[in-house]
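Novice: Okay, handing you the structure first.
The values are calculated or read from the model by the stated rules, or taken from the named source; none is laboratory data. Source: prediction; values computed, not measured. Cβ placement follows ideal geometry from the backbone for every residue including glycine, while neighbour counts extend to all protein chains displayed.
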Number of protein chains: 2
Amino acid sequence: MLYLVGLGLADEADITVKGLEVVKRAERVYLEAYTSILHVGKERLESFYGRPVIVADREMVESSSDEILEGADKSDIAFLVVGDPFGATTHTDLVLRARELSIPTKSIPNASILNAIGETGLQLYNFGQTVSMVFFTETWKPASFYDRIRENVSIGLHTLVLLDIKVKEQSLENMARGRKIYEPPRYMTVAQCAQQMLEIEEEKQENVYSEDSLVIGCARIGADDQAFACGTLRELCDIDLGAPLHSLVLLGKRAHELERDYIKSFAVDATTFDNSWEKYHGKS
Amino acid sequence: MLYLVGLGLADEADITVKGLEVVKRAERVYLEAYTSILHVGKERLESFYGRPVIVADREMVESSSDEILEGADKSDIAFLVVGDPFGATTHTDLVLRARELSIPTKSIPNASILNAIGETGLQLYNFGQTVSMVFFTETWKPASFYDRIRENVSIGLHTLVLLDIKVKEQSLENMARGRKIYEPPRYMTVAQCAQQMLEIEEEKQENVYSEDSLVIGCARIGADDQAFACGTLRELCDIDLGAPLHSLVLLGKRAHELERDYIKSFAVDATTFDNSWEKYHGKS
């Protein structure tokens, strides 16, 4: 059996009791380490589980899935995923490959950013589709998020924006030369995301959102030191919320007054908050 | 400290290691038992935790929150919530009351139906806002879900429909006479939900969806015996998916072919599935 085990969001103790049982009895334990990260390292997990953990990078999962699945028809393999196994789409391939090999699969669910974003005080049923923001380069600024946000905005819903992480990536030069030299990991910050959002709005000028749209910057949700900052997009271009992971919510116009009271406690500036709320979210 | 501890979806072992530690050391442990249910009873939880659990019904949480919060300024109180603490909105009042009393609060996240719905094979980023379906009566057929679904449909997104549960409810007569006699619990089935959806569409005739729209009926997601059935709304009016809890997904037109391949394995009739897919979701 191939078990996809959700690890939750923060540290080694966020695994479920059921998940921990699977890890303890599995033949081999892999940790998917390129779509998200915990706030603790592999060593901490190994000491908590009392057994070795194999870090699976993108290359391994995408090119050597048969190595991961080796023997899973006879014994149990645990594939650990930060958050919930369904949060990322990249594991579908591994599951489909397992099915081709007639290996049964099972998921052990856990918290994901999609529900933990409720820590902001925003109501989960007021969220539209989730979008992703990737690091822009000089020549590559994918803006499909802009159309998805427009759709959410058109029906008044909040948008959760998930931010890019780059782990074990090669520079173009090293890739071209076939050198397996990897860049240091990079995690997009709330400030970078806000800047890129404004860059695209300035380019398209379709008023999907604007400099004074209210957003909430989120850092390390689920951890003891989780942090939030609520302000305008322009204000959050300069915010520093510390260590990763970060995410961001663009407030929909259907926001409720109870939500306002909750998020105002994170406001970087109460006056600009009130102004933007009144402008976009009705009678403050 | 007031801890809101997510229990996950199926049984006693879906709690996180962190959550279990809180439960074991808390002064008192409450189980919220009216917005959702686990597939195991209170006794199973008590034996797993090694301590008593107080069942908190709606009346207690809404009218006697100070009783729950008693002493939480000095010691820890655990309030257990099926799924994730943020899944239901009804606990906001308890948290706000705690804040009024200067009692710190903390959530221990867990899986919720909002991410576990990924078990269907549908991509979570293709979902719009979540809606709720309540039991209709002769005189009360709230249809606000219809407008929310229309919004999701307009931008091609899937809609997760959460189904009503009635636990410890009084009949109107018993309520009027002040008799604390409670009706047996009721859990809405996929078939009842599909019937009510069609009833409203027939009444409104605005073509938000139709008899041959594709939906997925889901039962006991997260449990070993979870079950799915994919078919037209009309087909699912007669489906029996067994014990609760049930939920339903109305497929958005933006559904991807990979999603199709996955959900077709649950099809109640491959031919009607193909017909509806071709009609609403493009080149099959």
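Novice: Could you check, for region A:206-220, whether at least one of its residues is touching a Cys at 6+ places or on another chain (Cβ under 6 Å), at pLDDT below 95 and in the same structural domain as A:Tyr187 (by the TED database)?
Specialist: Scanning region A:206-220, I find no residue that is touching a Cys at 6+ places or on another chain (Cβ under 6 Å), at pLDDT below 95 and in the same structural domain as A:Tyr187 (by the TED database), so the answer is no.
Novice: Related question: Which residues, counting only those in region A:30-75, are in contact with a Leu (Cβ under 8 Å, 6 or more places away or on another chain) and part of a loop (DSSP other than H, G, I, E, B)?
Specialist: Those that are in contact with a Leu (Cβ under 8 Å, 6 or more places away or on another chain) and part of a loop (DSSP other than H, G, I, E, B): A:Ser36, A:Ile37, A:Leu38, A:Val53, A:Ala72, A:Asp73.
Novice: Just to confirm my filter: which helices (runs of 4 or more DSSP H) fall fully inside region B:171-284 and include at least 3 residues that are surrounded by fewer than 17 Cβ atoms within 10 Å (Cβ to Cβ) and among the aliphatic types (A, V, I, L, M)?
Specialist: Output list reads B:172-176.
Novice: Looking at A:Ala111, A:Ala98, A:Ala116, which one is part of a helix (DSSP H, G or I), touching a strand residue (DSSP E or B) at 6+ places or on another chain (Cβ under 9 Å), more than 13 Å from B:Gln123 (Cβ to Cβ) and at the interface with chain B (Cβ under 7 Å from one of its Cβ atoms)?
Specialist: That would be A:Ala116, the only listed residue that is part of a helix (DSSP H, G or I), touching a strand residue (DSSP E or B) at 6+ places or on another chain (Cβ under 9 Å), more than 13 Å from B:Gln123 (Cβ to Cβ) and at the interface with chain B (Cβ under 7 Å from one of its Cβ atoms).
Novice: When you check A:Ile108 against the structure, is it out of contact with any helix residue (DSSP H, G or I) (no Cβ under 6 Å at 6 or more places or on another chain), surrounded by 20 or more Cβ atoms within 10 Å (Cβ to Cβ) and touching a residue at least 12 places away in the same chain (Cβ under 8 Å), yes or no?
Specialist: Against the criterion (out of contact with any helix residue (DSSP H, G or I) (no Cβ under 6 Å at 6 or more places or on another chain), surrounded by 20 or more Cβ atoms within 10 Å (Cβ to Cβ) and touching a residue at least 12 places away in the same chain (Cβ under 8 Å)), A:Ile108 does not qualify.
Novice: Within region B:71-90, can one find any residue that is of a type outside the set (S, T, N, Q) and over 23 Å from A:Gly121 (Cβ atoms)?
Specialist: yes
Novice: Look through region A:12-29, keep the residues that are facing chain B (nearest Cβ under 8 Å) and either assigned to a strand (DSSP E or B) or within 17 Å of the chain's Cα centre (by Cα) (or both), and return whichever of them is nearest to A:Asp66 (Cα to Cα).
Specialist: Only one residue tops the list, namely A:Thr16.
Novice: Next up: Checking A:Gly178 against (1) at pLDDT below 95; (2) within 14 Å of another protein chain (Cβ to nearest Cβ), which test does it fail?
Specialist: (2)
Novice: Output the number of the condition that A:Ser247 fails; it satisfies all remaining conditions of (1) closer than 25 Å to A:Thr137 by Cβ; (2) of a type in the set (Ser, Thr, Tyr); (3) touching a Gly at 6+ places or on another chain (Cβ under 7 Å).
Specialist: The number of the failed condition is (3).
Novice: Still on this structure, please answer the following. Does any residue of region B:129-146 turn out to be facing chain A (nearest Cβ under 10 Å), over 20 Å from the mean Cα position of the chain (by Cα) and without any contact (Cβ under 8 Å) to a residue 24 or more places away in the chain?
Specialist: Looking for residues that are facing chain A (nearest Cβ under 10 Å), over 20 Å from the mean Cα position of the chain (by Cα) and without any contact (Cβ under 8 Å) to a residue 24 or more places away in the chain, one finds none in region B:129-146, hence no.
Rundown of residues vs (1) charged (D, E, K, R); (2) more than 28 Å from A:Leu7 (Cβ to Cβ), yes/no style:
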residue	(1), (2)
B:Arg44	yes, no
B:Pro52	no, yes
B:Ala56	no, yes
B:Ile68	no, yes
B:Asp73	yes, yes
B:Pro104	no, no
B:Pro109	no, no
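Novice: To continue, here is another question. More than 21 Å from B:Gly118 (Cβ to Cβ) and in contact (Cβ under 8 Å) with a residue 12 or more places away in the chain, is that true of A:Ile149?
Specialist: When the stated conditions are applied, A:Ile149 passes them.
Novice: Does region B:85-93 contain any residue that is crowded, with 18+ Cβ neighbours inside 10 Å, closer than 27 Å to A:Arg148 by Cα and within 9 Å of chain A (Cβ to nearest Cβ)?
Specialist: So far as region B:85-93 goes, yes, one or more of its residues are crowded, with 18+ Cβ neighbours inside 10 Å, closer than 27 Å to A:Arg148 by Cα and within 9 Å of chain A (Cβ to nearest Cβ).
Novice: Looking only at residues in region B:152-170 that are in a loop (DSSP other than H, G, I, E, B) and touching a residue at least 24 places away in the same chain (Cβ under 8 Å), which one is nearest to the other protein chains (Cβ to nearest Cβ)?
Specialist: In this case the residue turns out to be B:Ile155.
Novice: Also, I was wondering about something else. Could you identify the single residue in B:Val53, B:Val22 that is free of Cβ contacts under 8 Å to residues at least 40 places away in the same chain and touching a strand residue (DSSP E or B) at 6+ places or on another chain (Cβ under 6 Å)?
Specialist: B:Val53 is the lone residue from the list that is free of Cβ contacts under 8 Å to residues at least 40 places away in the same chain and touching a strand residue (DSSP E or B) at 6+ places or on another chain (Cβ under 6 Å).
Novice: Kindly establish whether B:Ala78 is in contact (Cβ under 8 Å) with a residue 40 or more places away in the chain and in a loop (DSSP other than H, G, I, E, B).
Specialist: Criteria not met by B:Ala78.
Residues checked against (1) modelled with pLDDT under 95; (2) in contact with a helix residue (DSSP H, G or I) (Cβ under 8 Å, 6 or more places away or on another chain); (3) of a type in the set (Phe, Trp, Tyr); (4) assigned by the TED database to the domain that holds B:Ile263:
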| site | (1), (2), (3), (4) |
| --- | --- |
| B:Leu80 | no, yes, no, no |
| B:Phe86 | yes, yes, yes, no |
| B:Thr92 | yes, yes, no, no |
| B:Arg97 | yes, yes, no, no |
| B:Leu122 | yes, yes, no, yes |
